[in-house]
Amino acid sequence: MNVTLKVWRQSNSQSKGFFSIYNVSDVSEEMSFFEMLDMLNESLVEKGEEPIAFDHDCREGICGTCGVFINGRAHGPISGITTCQLHMRRFNNGDTIIIEPWRAKAFPVIKDLVVDRTSLDRVMMSGGYVSVNTGGTPDANAIPISKVNADEAMDAASCIGCGACVATCKNSSAMLFVSAKVSQYALLPQGMIEKKIRAQNMVDSMDEEGFGNCSNTYACEAECPKEISVSHIARMNREFFKASIS
Amino acid sequence: MKLDAKIPEGLLAEKWTNHKFKINLVNPSNKRKYKVLIVGTGLAGASAAAALAELGYNVEAFSYHESPRRAHSIAAQGGINAAKNYPGDGDSIFRLFYDTIKGGDYRSREANVYRLAEVSNNIIDQCVAQGIPFAREYGGLLSNRSFGGAQVSRTFYARGQTGQQLLLGAYSALVRQMNTGKVNFHARTELQDIVVVDGQAKGIITRNLVTGKLESHAGDAVVMATGGYGNVFFLSTNAMASNGSAAWRAHKKGALFANPCFTQIHPTCIPVASGSQSKLTLMSESLRNDGRIWVPKKKGDDRAPGNIPEDERDYYLERLYPSFGNLVPRDVASRRAKEMCDMGHGVGATKLAVYLDFEDVIGRNGKNWVADKYGNLFDMYEEITGENPYKTPMRIYPAVHYTMGGLWVDYNLMSSIPGLYVMGEANFSDHGANRLGASALMQGLADGYFVIPYTIADYLSGNTGGFSDTSASEFIETEKGIQDNIQRMLSIKGSQTVDEIHKKLGLVMWENVGMARNKEGLKKAIIEIPKLRKEFWEDVNIPGSSNSMNTELEKAGRLADFLELGELMARDALEREESCGGHFREEFQTEENEAKRDDKNFTFVSAWEFKGVEKEPVVHKEDLVFENVKLTTRSYK
Amino acid sequence: MSWFLNFMNSSIGKKMQMAITGILLCLFLIVHVIGNLVLFAGPNAFNTYVEALSSVKPLVRSLEVVLALMFIWHIFNGVRLTIENRKATPEKYLMNKAAENSKLTSRTMGLTGSLIFIFLVTHLGTIWRLFQLEHGGGKFYDIVISGRFGFNNIYYTLIYIFAMALLGLHLRHGFQSAFQTFGWNHSKYKPLISGVAVFFWLIIPLAFMSIPIYFGLLGGGN
């Protein structure tokens, strides 16, 4: 099949970006979306042009490195997968595909489709951990944890930090990302000890990083490749409120 | 050069305890005087950075990723082994040690493996304390499952995302130290070379992948946790950026490279679909518990699988290994699949695949039962291939997965360059010739949390600390060498892309240094690889400049090293005239086509010394001494 | 008190202020709509009802002050959030298929809120002001039904119906959203909240609308 790509090109964070149009022919439907981009990049290099820069690594939907906006959707038209898991059989011959980087003040563009998501790491630095040092911990079975809580914590912990929630949110809010971590630890006895200070610090840090405010559109949940529920946002709201008033 | 593994004296079970007591310590208030440079922040690197910072050392950590959470440790699915014996099925530290030594086909060190088994329990305690949501039973206690190569249930898991959860645990410990300022993390920063001053590793040169700037960093020790080199094959289950450059550049600076030919090929991967394939996806090994592997009996049979009647199917693993059937170890399953395809029984468009069929289990237990157990994997398979595995059998083929070889280290994890430590997949230490499932995560965290924090003190205590002189001539010269090399690559402006040459290398490696090797093929590889190297240095085309983000330049630098490393792998495989674990030499097999080890002549570690790119390397042998286990032949009949 | 200010200025705190004021305004709607429905009982009943309210003026006035504060707070906070959110998204996508991941009502709270605000000003400037100028005399019913700004004015009637439809859309998202913000999002109680939400986003606006429809469009009361 042949497709036309309209891709955001921007040489660095300072320069002005623009859309470039590329025709890619002989795309097979077995190809992944990124393999189609690889093929285009190979042809660009052969012509001596700079290839389109995009973030990717594991190409199996777990590292969270990849993520672009494809035809108006974070990670493309299929729900519950990352961009690297998208395959070309989801497109038709003659399609025009618009590819844009994540857009958010907290995710400045570095180059082309590559954005800087270190703001998420800084939020994690402010409290995304249990303060235990290495060694000297009790036996792993010393504290039983209800399976229900452990499973729900695992649901939250499955976040891959790709930033799709921020990218798709009309306010660029990071609430789903932050709440997944706050919620995971709030559900487990190990994390419960610091839950107040954690909720407080992580929300403060999220606000400082320039993410927007949540307005409960739930677009984040719909676009999350790991389908993390907004119920974790509700839990974080609760935890934050309790932490603020007590 | 004499290799001293520094294995402590005494009984096996007491070696580590005694060693910890005997080695030198750094006084708590003196630790802040030392700076440790940690390259790579996956499981091993992140855990080491956190543990060292907690102790009070100053840590500079480096990753080519934007965040430590992106490391490929994250992709491990199955789980992590530990000798907790929670199910009460007879597990013990010794049994875990024994299984690991045996699984590695007796090509690893007893003392290292025993220590690994010993600290495995601490790892689980540590991870639970960090809030890692391991799977649990209804009573609230931790759940275990069984895994290949073991007769006990000792694998702890977090759904199919154990690697992710363990990495995020180590990452959480790391960000906590970043927050205190004890760890300074350098994102999107790739190691270019290590700097050796007066025979000791004292610094590194890095390249900022966003600005292209080369930077010098000085410290009192360098720790590398830079992963494996499976991408030398171009196609592997490794992440796209995984590479062997850090290890290789350290090797060129004098660090010995051990057992480079020991590569693990994983049997259940989704086969290559087209020439533009960029990487291979692993389907969890657990599928072999319920799926049946077969090929058509007739060569070149083009019928759809459903149209091939039962009596024209060859369930070859069940036929060859009646007692283990589809559950033979990874290396055996992989080799047999290749054999079937080589004989013309392969299926699918490329004929490089075998069927993994769930028809029987669906008939027996129903579709829902299968969906409950493997739903995610089936969905993933369908998304990639467009075929519904509930209806047609999956097609699978082996793929390069893990490299047991790596930089040679002693018991303290120090390489042959004083002050340079190597951890995780980047070192060679614990898995011998074959790694058992759910052991990679264990080793990464053992090295990072529980070994290096002790052993590094032994070295540091002999130094005054506070080395910070990046103006030393060694730094200037190394940086200049890198700069020249980059400019040389950029100025070639030939006619081939980096990936084109990499694919050629991958093909040579896969054909000759892959699942089954022979003298002729290996000799051919030793001739072919230098030719490709020449091709690269004369004909590669890298657009763009060195002073901005340039993904082609990054890939080119990594390929340049693979083009040297690949040759060493072939040499090592040629030298090792036996079959063991993941290394199968066709000349050395039993009458039943099983691997034939030669314990008399090859019970050693091959540690290679670099002598120059176009010069033959020199091998040093570290004899392996087995005092606690008896060397036996693996049989899965 | 710095903890209090921190909370009030945090993103979640601002959301909670939005939710609390919103829920209180919803409660006010119940009182308001019950009063309106008295119109159906005829002029005497309605006039008596309004006069009864006038007899407890101080109470009504103080409630009105509270109500005004709620409105101002809700609006001020909404504007503040909108400005901040705009700042957080300086660049828009060329193509954004938001309809595939979220409901229109949830994305248009600023728009529906602003239009409702315009209506509110109109409403205060007309009927409410005329009510204030009246001191007894039993003319309240006529002001609503046949006055210059009453429902015999087809424009006013249509604006009123339109505004109530917007109110419905605003509450369609707003009501349940408030509970999510309070953190009350438990799978066991979600159906209950959704049920109560229907009362606020559908029944109340319809009840408000029934009056202009009956008296304005269908010629009722004459």
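Residue B:343 passes every criterion in (1) surrounded by fewer than 18 Cβ atoms within 10 Å (Cβ to Cβ); (2) without any contact (Cβ under 8 Å) to a residue 12 or more places away in the chain apart from (2). Take the conditions (1) surrounded by fewer than 21 Cβ atoms within 10 Å (Cβ to Cβ); (2) within 23 Å of residue C:11 (Cβ to Cβ); (3) touching a residue at least 40 places away in the same chain (Cβ under 8 Å); residue A:143 misses just one of them, which is (2).
Scanning segment A:115-128 for residues that are more than 7 Å from every other protein chain (Cβ to nearest Cβ), of a type in the set (A, V, I, L, M, F, W, C) and farther than 12 Å from residue B:69 by Cα gives A:115, A:123.
When you check residue A:244 against the structure, is it facing chain C (nearest Cβ under 7 Å), in contact with a Phe, Trp or Tyr (Cβ under 7 Å, 6 or more places away or on another chain) and part of a helix (DSSP H, G or I), yes or no? So residue A:244 passes the test.
Residue check: is residue C:139 basic (Lys, Arg), over 23 Å from residue C:25 (Cα atoms) and out of contact with any strand residue (DSSP E or B) (no Cβ under 8 Å at 6 or more places or on another chain)? Spelling it out, residue C:139 is indeed basic (Lys, Arg), over 23 Å from residue C:25 (Cα atoms) and out of contact with any strand residue (DSSP E or B) (no Cβ under 8 Å at 6 or more places or on another chain). Checked against the criterion of being away from chain A (no Cβ under 12 Å) and within 30 Å of residue B:598 (Cβ to Cβ), the candidates B:79, B:104, B:90 yield just one match: B:104. Just so you know, in segment A:37-54 the residues that are more than 7 Å from chain B (Cβ to nearest Cβ) and part of a loop (DSSP other than H, G, I, E, B) include one that is farthest from residue A:109 (Cα to Cα), and it is A:47. Flag: residue C:8 does not match the condition of being surrounded by 15 or more Cβ atoms within 10 Å (Cβ to Cβ), closer than 30 Å to residue C:181 by Cβ and either within 12 Å of chain A (Cβ to nearest Cβ) or over 21 Å from the mean Cα position of the chain (by Cα) (or both).
Of the residues B:143, B:153, the single one that is free of Cβ contacts under 8 Å to residues at least 40 places away in the same chain and of a type in the set (Ser, Thr, Tyr) is B:143. For segment B:123-148, residues that are more than 7 Å from chain A (Cβ to nearest Cβ) and assigned to a helix (DSSP H, G or I) total 2.
Here's the yes/no breakdown for (1) modelled with pLDDT of 95 or more; (2) within 14 Å of chain A (Cβ to nearest Cβ); (3) over 25 Å from residue B:79 (Cα atoms):
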| site | (1), (2), (3) |
| --- | --- |
| B:268 | no, yes, no |
| B:283 | no, yes, no |
| B:293 | yes, no, no |
| B:301 | no, no, yes |
| B:313 | yes, no, yes |
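Taking residue B:82 as the residue in question, decide whether it is modelled with pLDDT under 95, hydrophobic (A, V, I, L, M, F, W, C) and under 25 Å from residue A:133 (Cβ atoms). No; evaluated as a whole, the condition is false for this residue. Taken as a whole, the structure leaves residue B:212 outside the set of residues that are farther than 16 Å from residue B:63 by Cα and either more than 9 Å from every other protein chain (Cβ to nearest Cβ) or surrounded by 24 or more Cβ atoms within 10 Å (Cβ to Cβ) (or both). Assuming residue B:369 fulfils every condition listed in (1) without any contact (Cβ under 8 Å) to a residue 60 or more places away in the chain; (2) of a type in the set (Phe, Trp, Tyr); (3) crowded, with 19+ Cβ neighbours inside 10 Å apart from one, which condition is it? Answer for residue B:369: the failing condition is (3). Listed by position, the helices (runs of 4 or more DSSP H) enclosed by segment A:175-219 that each have at least 3 residues that are outside the structural domain of residue A:106 (by TED's automatic domain parsing), buried (at least 24 other Cβ atoms within 10 Å of the Cβ) and modelled with pLDDT of 95 or more are A:175-186, A:195-208. Here residue B:474 fits the description: acidic (Asp, Glu), crowded, with 16+ Cβ neighbours inside 10 Å and not assigned by TED's automatic domain parsing to the domain that holds residue B:340.
Among the residues of segment B:484-498, those identified as in a helix (DSSP H, G or I), within 32 Å of the chain's Cα centre (by Cα) and not β-branched (Val, Ile, Thr) are B:484, B:485, B:487, B:488, B:489, B:490. Assuming residue B:72 fulfils every condition listed in (1) over 22 Å from the mean Cα position of the chain (by Cα); (2) within 12 Å of chain A (Cβ to nearest Cβ) apart from one, which condition is it? Every condition holds for residue B:72 apart from (1). Each residue in segment A:55-80 was checked for being part of a loop (DSSP other than H, G, I, E, B), at negative phi and within 14 Å of chain C (Cβ to nearest Cβ), and 4 pass.
For residue B:525, the conditions (1) within 25 Å of residue B:193 (Cβ to Cβ); (2) buried (at least 18 other Cβ atoms within 10 Å of the Cβ) all hold with the exception of (1). Kindly indicate the residue of segment B:571-583 that is over 18 Å from the mean Cα position of the chain (by Cα) and in contact (Cβ under 8 Å) with a residue 24 or more places away in the chain and also farthest from residue B:106 (Cα to Cα) among those meeting that condition. For segment B:571-583, the residue satisfying everything is B:571. Residues that are aliphatic (A, V, I, L, M) and either in contact with a strand residue (DSSP E or B) (Cβ under 8 Å, 6 or more places away or on another chain) or surrounded by 14 or more Cβ atoms within 10 Å (Cβ to Cβ) (or both) within segment C:142-156 comprise C:143, C:144, C:145, listed in sequence order.
Of the residues in segment B:315-343, how many are outside any helix (DSSP H, G or I) and among the small types (Gly, Ala, Ser)? The total comes to 1. Among the helices (runs of 4 or more DSSP H) confined to segment C:125-222, the ones with at least 3 residues that are touching a helix residue (DSSP H, G or I) at 6+ places or on another chain (Cβ under 6 Å) are located at C:140-145, C:154-182, C:204-211. When you look at residue A:34, is it buried (at least 22 other Cβ atoms within 10 Å of the Cβ), not in a loop (DSSP other than H, G, I, E, B) and not assigned by TED's automatic domain parsing to the domain that holds residue A:226, yes or no? For residue A:34, the condition - buried (at least 22 other Cβ atoms within 10 Å of the Cβ), not in a loop (DSSP other than H, G, I, E, B) and not assigned by TED's automatic domain parsing to the domain that holds residue A:226 - is met.
The values are calculated or read from the model by the stated rules, or taken from the named source; none is laboratory data. These numbers come from a predicted model, not from an experiment. Note that each Cβ is placed from the backbone with ideal geometry, even for glycine, and that neighbours are counted across all protein chains shown.
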